[in-house]
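Novice: One structure, as structure tokens, below. Some questions next.
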Amino acid sequence: MHDGYTVALRRHGNPDGPRLVLSHGNGFAVDAYWPFWSHFVDRFDLFLFDIRSHGWNAVGDLDAHHIGMAAADFGTVSREIDRAFGDKPKVGVFHSLAAMAAAHAAIGHEYEALLLFDPPIHLPGKEAAQLERLGSGMGAATRKRRERFGTAAEYAGFLAGKPAFGLVGAERLELFARTTLRPAADGDGYELRCPRDHEAQLWDELYPFARTVDFAAITCPVKVIGSDPTIPNSFLPATKMPELLRLDYDFVPDTSHLLLLEQPEVCAALALEYLEQTGNAGR
């Protein structure tokens, strides 16, 4: 990246197929989305990367762990894919934090289309102050979170008791735990790949930063696929985002903000439908 930090970029799938670029939500890892992106490996040329201090990447400096930096990283990754693997049309498929970073990265001209899953974006409006309090509250709660576990199975059990993960099946919780933990540096159990202070700092600034996103400035087609607006624990109900109605918008019934983990087959089918509609699905 521009400040010398290194992001691991991985390529999977069919190198002769249409190119997709994928990344993930705050505190997560792109490997946890395997039940979703595995549907594309036979047909598409996939490039996956974790946000800095997440997943396969080393823990970076907390002072540099900001959404603005993540947005800058997205631009660098986009250009490096073209430089290293050849200039080829590509579609960005991003969830949550990654969706917001991509929307703010001014990279629309580098993509044929963007597919954003449940982006935590609310443009300026009467609920801005409420949303900022929500982000600050999530940051405070994250800083109190347990960050070390004896085994990945223990962490999966811990997550199973959290309402936010209530719609995620046991196998996918286990995968999530394995991909978001690493062996602790002192050899005593496992710790979060993304430290809680890093995750919390992004929550603190999430909504103030989100209010600066301008969808009208994105030059490529954009589709937003949200969670079910009628679910009580939905992260940011779609009915509270009238601005998104100006976009190509859809939602997945009976899902929360973690829709890609809860209903990966349905999400993959909607994604493929959009790729076909925009002429980015190949043959």
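The values are calculated or read from the model by the stated rules, or taken from the named source; none is laboratory data. Keep in mind that this is a model prediction, so the values were computed, not measured. All Cβ positions, even for glycine, are placed from backbone atoms using ideal geometry, and neighbour counts span all protein chains on display.
Novice: Out of everything in the stretch 21-59 that is among the hydrophobic types (A, V, I, L, M, F, W, C), part of a loop (DSSP other than H, G, I, E, B) and surrounded by fewer than 23 Cβ atoms within 10 Å (Cβ to Cβ), what residue ends up being nearest to the chain's Cα centre (by Cα)?
Specialist: That would be W56.
Novice: Restricting the search to the stretch 1-20, which residues are in contact (Cβ under 8 Å) with a residue 12 or more places away in the chain and in a loop (DSSP other than H, G, I, E, B)? Lay out the reasoning, then the answer.
Specialist: Step one: list which residues in the stretch 1-20 are in contact (Cβ under 8 Å) with a residue 12 or more places away in the chain, which gives 1-3, 5-20.
Across the stretch 1-20, the qualifying residues are M1, H2, D3, Y5, T6, V7, A8, N14, P15, D16, G17, P18.
Novice: Being within 18 Å of the chain's Cα centre (by Cα) and without any contact (Cβ under 8 Å) to a residue 40 or more places away in the chain narrows it down to one of L192, L206, L181, so name that one.
Specialist: Matching residue, one of L192, L206, L181: L181.
Novice: Please go through the stretch 67-91 and pick out each residue that is free of Cβ contacts under 8 Å to residues at least 12 places away in the same chain and of a type in the set (K, R).
Specialist: R83, the sole residue that qualifies.
Novice: Hey, which of the helices (runs of 4 or more DSSP H) in the stretch 76-188, taking only ones fully inside, have at least 3 residues that are crowded, with 22+ Cβ neighbours inside 10 Å and of a type outside the set (S, T, N, Q)?
Specialist: 97-104, 170-180
Novice: For the stretch 1-60, how many residues are closer than 23 Å to A156 by Cβ and small (G, A, S)?
Specialist: 8
Novice: Within the stretch 36-80, which residues are over 30 Å from D197 (Cα atoms) and touching a Phe, Trp or Tyr at 6+ places or on another chain (Cβ under 8 Å)? Give the steps one after another, and end with the answer.
Specialist: Going through the stretch 36-80, the residues over 30 Å from D197 (Cα atoms) turn out to be 38-46.
Of everything in the stretch 36-80, just one residue is over 30 Å from D197 (Cα atoms) and touching a Phe, Trp or Tyr at 6+ places or on another chain (Cβ under 8 Å), namely L46.
Novice: Next question. Say whether the condition of being under 30 Å from D250 (Cβ atoms) and either touching a strand residue (DSSP E or B) at 6+ places or on another chain (Cβ under 7 Å) or modelled with pLDDT under 90 (or both) is met by at least one residue in the stretch 183-191. Don't jump to the end; show me each part of the working.
Specialist: Taking the stretch 183-191 first, the residues under 30 Å from D250 (Cβ atoms) are none.
No, there is no match, as no residue in the stretch 183-191 is under 30 Å from D250 (Cβ atoms) and either touching a strand residue (DSSP E or B) at 6+ places or on another chain (Cβ under 7 Å) or modelled with pLDDT under 90 (or both).
Novice: Sticking with this structure for a sec: Looking at this structure, is A72 more than 23 Å from Y249 (Cα to Cα) and of a type in the set (G, A, S)?
Specialist: yes
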